[in-house]
Amino acid sequence: MKHIHLENSWIIKAPLEDVFNIVTDFANMPKNFPKVAESITITKQEGNNLEIEAQVKSFGSTFPVKMKTQILPHRGFISDNQSVKFGTSGHEELLLEDINGQTKIHYIYEVDIHKKWLRIIAKPLIGCFAMKAWEKAFINRLRKILENQK
């Protein structure tokens, strides 16, 4: 399978603006989400458009990813990502919605697998485990950060 669609939603018990400020603070992503990002360098910024070189963590490995990200004010971000080493590219959307003073995060990641050998294991590995691992490393950490701010 060359293409994998990942999608999920969560409610964060915090105002949208607080969630937005953390999830779009790419410079502090390694500090805020150490299980997701080892390092992030913003190589170019024009308004809300960023080009980023990151060392990301997934499945027990760290690998380089290039990101072209657009911050959507008070809504989240969209990003086109490429990892030559891992052999994937993808379109990521993290969109926020206010639900009675809480924030709904709607996350979509469309992943294309370019390496044939990875396609064999991609569906069970990425399709089944990636979203659960991301929820644990990102969403649960976000909840912890916001609870500590109160």
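Working only within the range 68-84, note down all residues that are within 14 Å of GLU110 (Cα to Cα) and surrounded by 15 or more Cβ atoms within 10 Å (Cβ to Cβ).
Result: ILE78, SER79, ASN81, GLN82, SER83.
Take the residues of the range 33-64 that are part of a strand (DSSP E or B) and among the charged types (D, E, K, R): which is surrounded by the most Cβ atoms within 10 Å (Cβ to Cβ)?
By that ranking, first place goes to LYS57.
The numbers here are math on the coordinates, done by the rules we state, and not lab data. Here the structure is a predicted model, which means the values were calculated and not measured. Cβ coordinates were reconstructed from backbone atoms using ideal geometry, including for glycine residues, and neighbour counts include every protein chain displayed.
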